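Q: Below you'll find the structure I mean.
The values are calculated or read from the model by the stated rules, or taken from the named source; none is laboratory data. None of the values given here were measured: they were computed from a predicted structure. Note that we place each Cβ from the backbone using ideal geometry, even for glycine, and neighbour counts take in every protein chain shown.
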Amino acid sequence: MNFVLVALLAPASLAIDPTTQPAVHPRSYSTGFTLVRGGVPCTIVRPADAAWQALADELARAVERLAGKGAPVRTDTDVILERLGQLPADLRDTPLIILGDLNANRAVFPLYANYYTYCDAVYPGGDGYVLQTIVRPFGRPTNILLVGGSTLEGVKTGITELVTRLARIAPDEEVELPYCLDVRLAPQWQSTFAPLVQTVAAQDAAATTAPESLPPDAIEYGDAGNRFTSSAHLYFYTGSLVAARQARAWALHLANRDTTGMRIADYTMENLTAAWRRVSPAPVFTTEERRLIDTRLCQTAYFHANSWWRLKGAHPEIGGRHHTTGMLAWWTLIRNLLELAEPDEATRTQLLGWRAEAEGYLDGLLRHYFDDLDDYQSADSVQNTCSYALQTGKLEWFHNGLARRAVQKVLALTDNVGWYAGVQGYGEALAGWERFTLNGGLLFGSCGFVYQDGGYAWLLQHYPALQASWGALQPWGLHQYAAGDSIRPEPPAWLTHLQVLRLTPYRLDLMNNGAFLHSPLMDGFFVSGLRPSAVSAEAAFDKAVHRGGHGADDVYWLLQGMSGIALSTIDMNSIVRYTDQGKLWLVHNTGRRSLFFKNAVYVSSGLNEETLPAACELVAHADFPGAALVSSRLPDGRGTDWTRNVISVGNAFTAVIDQVRANKPGEFTVSCNWRTPGWAAHDDAGW
């Protein structure tokens with residue numbers, strides 16, 4: 001484990017060059033929604049389904065009373081011609097009231113993808129609704145009003161509430177609806193959130209729990225940050241002003257405690273940034289309070305311009321989870337400052353330059369379906385890539401099949417019981433991590449939505465442990481592109497018993513060159529005694545996975561085709577995991593850097609001074625209706641070629657036949673090792 005990084009992640013103070021301190025002005029814009037501007041009414045965008053016409057007309061009549069002329073009503077398919085398209089330029093400065101959710105209205109997708117709204121088939125659910133002013137979406141000066149709901153009935157209830165509010169407003173040439181976040185939740189979400197709101201209300205009512213009543217060191221900085229983010233998100237999900245007040249108290253506590261910025265790191269930055277965007281328009285802050293917190297976050301962006309995970313512009317390598325998470329979070333922070341804060345011209349110019357550099361790096365994530373590592377952290381990097389592609393509308397990552405390959409990789413690393421297979425030896429080597437789960441909720445859910453394919457929902461039904469997501473923005477399964485009954489779950493067409501995962505050109509080049517951000521500390525080849533391979537695209541493979549079925553009792557095994565670029569434990573050609581009958585039989589889960597400690601063949605030529613190739617060659621593979629075969633070779637390993645043949649006949653049996661051929665004269669020690677979770681003993685015909 002690399003404990004040097006821990007110190008880097010939690011600096012004692014934020015050292016910012018005083019000559020480059022950012023300057024932020026008070027926010028000068030309105031958080032309300034413009035119903036009438038210069039006598040011109042706002043535009044209503046409804047779902048194209050005719051069932052929505054009557055609701056839109058009812059709302060249009062209410063707006064007409066204020067403007068003296070009819071409010072235009074347009075369908076989503078008229079406004080956005082292609083599914084998953086962006087709002088056209090001619091409407092970006094038009095006040096819009098958008099009806100529906102992610103599945104019903106095309107105009108919701110860009111808002112949903114950027115975390116401005118969570119309205120889909122499960123939230124707010126049933127007859128619930130969300131009446132929400134989305135302030136300065138994408139940094140545009142014109143706010144949007146969303147009447148969102150999971151069903152037509154839910155939106156109808158929301159429109160009834162909105163029409164009631166409009167009836168209390170007098171007609172005029174300029175009419176604005178004050179900022180609102182009015183949420184009515186379906187019963188299942190009420191039961192989830194009501195106890196949390198009650199807890200926050202109790203804290204709000206007890207003066208002794210207010211931050212200003214505490215001595216400076218009475219509460220840890222991280223705990224204060226958690227209380228702020230949890231209260232801010234709770235306000236976003238429920239509209240509870242009590243939660244907003246608690247978020248305000250903790251935000252001011254953080255802002256006043258450290259005058260050089262917010263003390264956050266790569267793994268917490270996106271969460272805090274999103275929390276501030278969600279709660280800052282709430283009518284509980286003064287103008288100066290918003291300016292103070294905007295300033296602290298701007299200082300934080302400046303500080304992290306020099307963080308160790310910070311990569312500038314297009315970069316030849318991707319790196320690991322710290323890089324992908326840190327860069328996405330820093331980009332999110334900068335972007336939200338540009339959208340909501342009002343920095344002076346010099347600060348704005350600096351932020352725009354950093355944003356462009358961050359996007360140069362983040363665009364590079366779209367070259368591949370993983371990062372440069374090969375462990376549990378890489379699955380979280382996939383979510384970062386997925387989120388960035390969705391937020392920016394750069395959906396070529398989906399259309400060229402890399403998103404589907406990312407799903408295949410995350411699924412391949414999940415055994416039939418639902419546990420992560422335990423490749424590599426970082427967290428995987430910790431006690432208890434034989435039964436650890438990966439995060440796949442956002443990836444699988446968004447693939448199902450983008451591809452309109454029920455196979456991804458089917459996979460989450462059969463591998464429910466993958467329903468979680470990395471970070472704090474998808475709690476309780478929220479914001480995972482839920483489609484409800486509109487897409488029927490069914491087995492994916494591409495899912496066969498044997499899956500052979502291939503390498504992208506990016507990963508193959510990385511494998512054959514052995515570079516990892518030019519950092520010997522993190523370079524698995526340098527540390528582990530590996531050498532870059534000269535394997536061809538046709539022969540190289542990432543993983544081979546066989547399943548006898550998709551139940552917990554069915555056979556699962558994973559054959560490793562390569563060694564990770566970083567944090568490598570040398571596992572080429574090993575069987576990383578084997579499960580059968582709902583039990584774990586063979587495990588990897590070790591940080592020891594040798595094939596001797598894997599489910600593998602270990603060859604010693606004496607001093608073992610030769611480096612090992614980092615990749616195997618796929619010799620043959622076949623997937624028949626009742627059987628599967630994989631043959632792979634580790635070439636020129638300490639003077640030998642080791643070929644592993646794995647044959648499975650359904651759930652009946654799996655046979656492993658290893659062949660070792662010496663390529664030069666000499667003495668060799670060869671041992672075939674199997675690593676079980678506990679001591680294994682042979683008993684008659686079984687173990």
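Q: State yes or no: is Val407 within 19 Å of Leu508 (Cβ to Cβ) and under 18 Å from the mean Cα position of the chain (by Cα)?
A: On the way: within 19 Å of Leu508 (Cβ to Cβ): no; under 18 Å from the mean Cα position of the chain (by Cα): yes.
Against the criterion (within 19 Å of Leu508 (Cβ to Cβ) and under 18 Å from the mean Cα position of the chain (by Cα)), Val407 does not qualify.
Q: Which of (1) in contact (Cβ under 8 Å) with a residue 60 or more places away in the chain; (2) in contact with a Pro (Cβ under 8 Å, 6 or more places away or on another chain) is the odd one out, the single condition Gln383 does not satisfy?
A: Answer for Gln383: the failing condition is (2).
Q: Name, by its number, the condition in (1) closer than 18 Å to Asn673 by Cα; (2) of a type in the set (A, V, I, L, M, F, W, C); (3) buried (at least 17 other Cβ atoms within 10 Å of the Cβ) that does not hold for Met562.
A: Of (1) closer than 18 Å to Asn673 by Cα; (2) of a type in the set (A, V, I, L, M, F, W, C); (3) buried (at least 17 other Cβ atoms within 10 Å of the Cβ), only one is false for Met562: (1).
Q: Going by the structure shown, is Trp642 of a type in the set (Phe, Trp, Tyr) and outside the structural domain of Ala537 (by TED's automatic domain parsing)?
A: No: the conditions fail for Trp642.
Q: If you go through region 640-662 one residue at a time, do you hit one that is under 34 Å from the mean Cα position of the chain (by Cα), of a type in the set (Phe, Trp, Tyr) and modelled with pLDDT of 95 or more?
A: no
Q: Could you check region 464-485 and list, in sequence order, the residues that are on the phi > 0 side of the Ramachandran plot and not small (Gly, Ala, Ser)?
A: Passing the criteria: Trp476, His479, Tyr481.
Q: Kindly evaluate Arg83 against the criterion of being touching a helix residue (DSSP H, G or I) at 6+ places or on another chain (Cβ under 9 Å), without any contact (Cβ under 8 Å) to a residue 60 or more places away in the chain and within 28 Å of Gly128 (Cβ to Cβ).
A: yes
Q: Further, regarding this structure: Considering only region 80-158, give the strands (runs of 3 or more DSSP E) lying wholly within it that have at least 1 residues that are at pLDDT 95 or above and not assigned by TED's automatic domain parsing to the domain that holds Ala51.
A: Qualifying strands (runs of 3 or more DSSP E): none found.
Q: Could you check region 319-414 for helices (runs of 4 or more DSSP H) lying wholly inside it with 2 or more residues that are more than 22 Å from Tyr116 (Cα to Cα) and among the aromatic types (Phe, Trp, Tyr)? Don't jump to the end; show me each part of the working.
A: On the way: elements: 321-340, 345-365, 376-392, 396-399, 402-412.
Here the list reads 345-365.
Q: Only one of (1) more than 28 Å from the chain's Cα centre (by Cα); (2) polar (S, T, N, Q); (3) surrounded by fewer than 20 Cβ atoms within 10 Å (Cβ to Cβ); (4) modelled with pLDDT of 90 or more fails for Thr504. Which number is that?
A: The failed condition is (1).
Q: Separate question: Search region 182-200 for residues that are part of a strand (DSSP E or B) and pair each with any residue that is charged (D, E, K, R) when their beta-carbon atoms are under 7 Å apart and the residues are at least 6 apart or on different chains.
A: Sorted first by the residue in region 182-200, then by its partner, the pairs are Asp182/Glu161.
Q: Taking region 31-52 only, how many residues are under 36 Å from the mean Cα position of the chain (by Cα), surrounded by fewer than 15 Cβ atoms within 10 Å (Cβ to Cβ) and either part of a strand (DSSP E or B) or not aliphatic (A, V, I, L, M) (or both)?
A: Result for region 31-52: 1.
Q: Moving to a separate point now. Restricting to region 605-639, name every residue that is among the hydroxyl-bearing types (Ser, Thr, Tyr) and modelled with pLDDT under 95.
A: Correct list: Ser605, Thr611.
Q: Within 14 Å of Gly561 (Cα to Cα), aliphatic (A, V, I, L, M) and touching a Lys or Arg at 6+ places or on another chain (Cβ under 9 Å), is that true of Leu618?
A: yes
Q: Separate question: For region 97-130, which residues satisfy the criterion of being surrounded by fewer than 24 Cβ atoms within 10 Å (Cβ to Cβ), within 18 Å of Tyr179 (Cβ to Cβ) and among the aliphatic types (A, V, I, L, M)?
A: Once the filter is applied, which keeps residues that are surrounded by fewer than 24 Cβ atoms within 10 Å (Cβ to Cβ), within 18 Å of Tyr179 (Cβ to Cβ) and among the aliphatic types (A, V, I, L, M), region 97-130 yields only Leu111.
Q: Could you look through region 162-209, keep only residues that are of a type in the set (Asp, Glu) and surrounded by 15 or more Cβ atoms within 10 Å (Cβ to Cβ), and pick out the one that is nearest to Ser30 (Cα to Cα)?
A: Let us first name the residues in region 162-209 that are of a type in the set (Asp, Glu), namely 172-174, 176, 182, 204.
Going one step further and asking which of them are surrounded by 15 or more Cβ atoms within 10 Å (Cβ to Cβ), we end up with 176, 182, 204.
Numbers: Glu176: 9, Asp182: 18, Asp204: 28 Å.
Looking at residues that are of a type in the set (Asp, Glu) and surrounded by 15 or more Cβ atoms within 10 Å (Cβ to Cβ), I get Glu176.
Q: Output the residues belonging to region 226-241 that are part of a helix (DSSP H, G or I), among the small types (Gly, Ala, Ser) and more than 21 Å from the chain's Cα centre (by Cα). Spell out how you get there, then give the answer.
A: Of all residues in region 226-241, those part of a helix (DSSP H, G or I) come to 226-238, 241.
Okay, now just the ones that are also among the small types (Gly, Ala, Ser), so 230-232.
Scanning region 226-241 gives a single hit, Ser231.
Q: Can you tell me which residue among Ala305, Ala341, Ala329 is farther than 30 Å from Ala243 by Cβ and either over 16 Å from the mean Cα position of the chain (by Cα) or buried (at least 23 other Cβ atoms within 10 Å of the Cβ) (or both)?
A: Step by step, each of Ala305, Ala341, Ala329 is checked, and only Ala305 is farther than 30 Å from Ala243 by Cβ and either over 16 Å from the mean Cα position of the chain (by Cα) or buried (at least 23 other Cβ atoms within 10 Å of the Cβ) (or both).
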